[in-house]
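The values are calculated or read from the model by the stated rules, or taken from the named source; none is laboratory data. In this text, all values refer to a predicted model and were calculated from it rather than measured experimentally. So basically every Cβ, Gly included, is an ideal-geometry build from the backbone, and we count neighbours across all protein chains shown. When the accessible area is computed, the model is the full protein with side chains, heavy atoms only, and any ligands, DNA or RNA have been set aside. Shrake-Rupley method; radii C 1.70, N 1.55, O 1.52, S 1.80 Å.
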Protein chains: 2
Amino acid sequence: MDAAELYHERTCIACHGAYGKQPVMDEYPKLAGQAEAYLLTQMKDIKNGYRTNAHSVAMQNVMHLVSDEEIAVLAKWLASLSE
Amino acid sequence: MDAAELYHERTCIACHGAYGKQPVMDEYPKLAGQAEAYLLTQMKDIKNGYRTNAHSVAMQNVMHLVSDEEIAVLAKWLASLSE
C-alpha cells in the first residue's frame with residue numbers, strides 16, 4: 001500500500017481531510033508540508049501515549065492500526081505535500 | 001504590542017522562525033496557516049502542562065511569558081498567515 005492509500009486505509013483522512021489539508025474541525029491540525037521529523041515524533045508520541053492533550057487522545061485510539069513503518073511512510077508523504 | 005511584535009518579544013520566533021514558517025529544527029512545527037482553534041488549544045495545553053511531549057516541554061518554559069490574552073492574539077495572527 002502506498003502512502004496515499006495508507007492515509008485513507010488507516011482513517012487519517014477522517015479527521016485531517018484530503019491530503020492532510022482540510023481538517024474536519026478547527027481543533028485538528030493541517031498536516032501537509034509539516035516537517036517530516038515533527039510529524040514522525042507526534043504520531044509516535046500519540047501512539048505511545050506521550051501526547052494525550054485535547055483531541056490527540058482520540059487519535060491514540062486509531063494509532064493501533066498504524067505500524068511504526070507505516071508512520072514513517074505517512075510522515076514522509078505528508079511532509080512532501082505542498083501546504 | 002501587536003501580534004507580530006508579540007511573536008518576537010515572547011521569543012516564539014526563536015524556534016518557529018519568521019512568520020511561523022521556518023522552524024529552526026525539523027522537530028518544531030510550522031505554525032502559519034494552522035487553524036486558530038488548534039493553535040489556541042496547543043499553546044494553552046503546553047502552558048498548562050497538558051502537553052509535554054518531545055520539544056513542547058521546552059516551550060512550556062517560555063509560556064510563562066505569554067498571557068492567555070496574548071495567546072489568543074498570537075493564534076489569530078498565525079492562523080491568518082498564508083502557509
Taking region A:25-46 and keeping only residues that are open to solvent by 70 Å² or more (accessible area, probe 1.4 Å) and closer than 19 Å to residue B:75 by Cβ, one is left with A:25, A:26
- Message: Given the criteria more than 17 Å from residue B:38 (Cα to Cα) and β-branched (Val, Ile, Thr), does residue A:52 qualify?
- Response: no
Condition first: in a helix (DSSP H, G or I), within 8 Å of chain B (Cβ to nearest Cβ) and within 20 Å of residue B:53 (Cα to Cα). Can you find one or more residues in region A:66-74 that meet it?
no
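Let's see how each residue does on (1) of a type in the set (Phe, Trp, Tyr); (2) more than 9 Å from chain A (Cβ to nearest Cβ):
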site: B:3; (1), (2): no, yes
site: B:14; (1), (2): no, yes
site: B:28; (1), (2): yes, no
site: B:47; (1), (2): no, yes
site: B:53; (1), (2): no, no
site: B:56; (1), (2): no, no
Within region B:47-65, residues crowded, with 19+ Cβ neighbours inside 10 Å and in contact (Cβ under 8 Å) with a residue 40 or more places away in the chain come out as B:59
When region A:66-75 is checked residue by residue, the ones that are farther than 13 Å from residue A:39 by Cα and either crowded, with 18+ Cβ neighbours inside 10 Å or at pLDDT below 95 (or both) are A:66
A careful count of residues in region A:1-24 that are more than 23 Å from residue B:37 (Cα to Cα) and open to solvent by 20 Å² or more (accessible area, probe 1.4 Å) gives 7
